[in-house]
Amino acid sequence: MKSLFILNDAPYGTERSYNGLRLAKAVSKLANQQVQVFLMGDAVACAKDGQKVPDGYYNAGDMVKMVAAGGEVGLCGTCMNARGLQDGEMVPGALRKTLADLAAWTAAADKVLVF
């Protein structure tokens, strides 16, 4: 079973991206599950490497790395460009993708969840 998670919100301020990443990580640990996460809009900042957060607060970059270890993480290239983010600034395993890539992932997915 292939599940696609599409995240749109910034890493901090709301917990939508946080909850999407948590669920993606949990699903990736289940038997016979393949997980893909596509970060769009402000959610591309979730994959920014080197985030410094207060003690006890979740780190979205670390969460993206955990998801990437068990699945695939795509970043909207247009959204990265609009926010001045470069490929080298992103966490390992989070890769620049296109809308065509998202379309292919969507067509191949058994389930699509949008956060």
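Please treat every number below as a calculation from the coordinates, not as lab data. All values reported here derive from a predicted model rather than from experimental measurement. As a convention, Cβ positions derive from the backbone with ideal geometry for all residues, glycine included, and neighbour counts pool all protein chains shown.
Quick look at the values:
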| quantity | calculated |
| --- | --- |
| Top-ranked residue of the stretch 1-58 - restricted to ones that are outside any strand (DSSP E or B) and of a type in the set (Ser, Thr, Tyr), ranked as surrounded by the fewest Cβ atoms within 10 Å (Cβ to Cβ) | TYR57 |
| Filter result (basic (Lys, Arg) and in contact with a strand residue (DSSP E or B) (Cβ under 8 Å, 6 or more places away or on another chain)) within the stretch 42-64 | LYS48 |
| Test result for ASP87, free of Cβ contacts under 8 Å to residues at least 40 places away in the same chain and in contact with a strand residue (DSSP E or B) (Cβ under 9 Å, 6 or more places away or on another chain) | yes |
| TYR18, sole failed condition from (1) in contact with a strand residue (DSSP E or B) (Cβ under 9 Å, 6 or more places away or on another chain); (2) without any contact (Cβ under 8 Å) to a residue 60 or more places away in the chain; (3) among the aromatic types (Phe, Trp, Tyr) | (1) |
| Residue list for the stretch 74-115, filter: closer than 23 Å to GLY50 by Cβ and among the charged types (D, E, K, R) | ARG83, ASP87, GLU89, ARG96, LYS97 |
